[in-house]
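Q: Would you mind keeping the following structure in view while I ask a few things?
The values are calculated or read from the model by the stated rules, or taken from the named source; none is laboratory data. In this text, all values refer to a predicted model and were calculated from it rather than measured experimentally. Cβ placement follows ideal geometry from the backbone for every residue including glycine, while neighbour counts extend to all protein chains displayed. Just the protein is used for accessible areas: all its heavy atoms, side chains included, with ligands, DNA and RNA removed. Shrake-Rupley method; radii C 1.70, N 1.55, O 1.52, S 1.80 Å.
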Amino acid sequence: MAKPTITTLLSCVALFFAAAACGPSLVLQNVDYAQPIESVLTPDSNNQVHDQRYAIKFTITDILSEEEISSVDQIRLIRNSAGYYFVTAPGFSNVYVFETSESELKLSTRISVSDSGLDQPAFNQRNTHIELVDLSTGNTYNLDQNGLR
């Protein structure tokens, strides 16, 4: 009776490795993750922002701490074609670039754009980059996930 049990066990192990080797082979390439326009989000009392249009929700508390600001009235958010999220706000000196991970956004790059802080930032999606304009000064910055272009 021991032989059928060993044979059955070996068969199961062989099937497991065969299934694991096959794995998901479907790969969709040339995916464009870009959001065509920026999202202007208002933080709630817990410093969370929620963009229902693009189905993303996160807290900005750590970003505010980095900027040494206690609160903001709005957050500017846009996603480039490579899938990176760009975040800034009035009063910020930086643009924060995040990459996605399971249930989290991980800081990829912090781009310093203004020593005195942005007054009226606005993002624009361009073919090869994200354009940041400070509407109050007219200063324009071309950004990608690696920094200033």
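Q: Run Phe123 past the list (1) assigned to a strand (DSSP E or B); (2) of a type in the set (Phe, Trp, Tyr); (3) touching a helix residue (DSSP H, G or I) at 6+ places or on another chain (Cβ under 6 Å) and report the number of the one that doesn't hold.
A: Status for Phe123: all satisfied but (3).
Residues are listed down the side, and each one gets a yes or a no for (1) modelled with pLDDT under 95; (2) touching a Lys or Arg at 6+ places or on another chain (Cβ under 8 Å):
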site	(1), (2)
Phe17	yes, no
Ala21	yes, no
Glu38	no, yes
Ile69	no, no
Arg79	no, no
Val95	no, yes
Phe98	no, yes
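Condition check ((1) closer than 16 Å to Phe123 by Cβ; (2) open to solvent by 40 Å² or more (accessible area, probe 1.4 Å); (3) of a type in the set (A, V, I, L, M); (4) not in a strand (DSSP E or B)) across all residues:
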{"residue": "Ser70", "(1), (2), (3), (4)": "no, yes, no, yes"}
{"residue": "Asp73", "(1), (2), (3), (4)": "no, yes, no, yes"}
{"residue": "Ser81", "(1), (2), (3), (4)": "yes, yes, no, yes"}
{"residue": "Pro90", "(1), (2), (3), (4)": "yes, yes, no, yes"}
{"residue": "Ile111", "(1), (2), (3), (4)": "yes, no, yes, no"}
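Q: Of all the residues that make up segment 37-68, how many are of a type in the set (A, V, I, L, M, F, W, C) and either touching a Cys at 6+ places or on another chain (Cβ under 9 Å) or assigned to a strand (DSSP E or B) (or both)? Steps first, answer last, please.
A: At the first step, the residues of segment 37-68 found to be of a type in the set (A, V, I, L, M, F, W, C) are 37, 40-41, 49, 55-56, 58, 60, 63-64.
If we keep only those that are either touching a Cys at 6+ places or on another chain (Cβ under 9 Å) or assigned to a strand (DSSP E or B) (or both) too, we end up with 37, 40-41, 49, 56, 58.
Number of matching residues: 6.
Q: Mind listing whichever residues of segment 113-148 are more than 17 Å from Val40 (Cα to Cα), open to solvent by 70 Å² or more (accessible area, probe 1.4 Å) and among the hydrophobic types (A, V, I, L, M, F, W, C)?
A: Leu148, the sole residue that qualifies.
Q: Could I ask something else about it? When only residues in segment 35-56 that are of a type in the set (Val, Ile, Thr) and open to solvent by 90 Å² or more (accessible area, probe 1.4 Å) count, which is farthest from Thr128 (Cα to Cα)?
A: Here the answer is Thr42.
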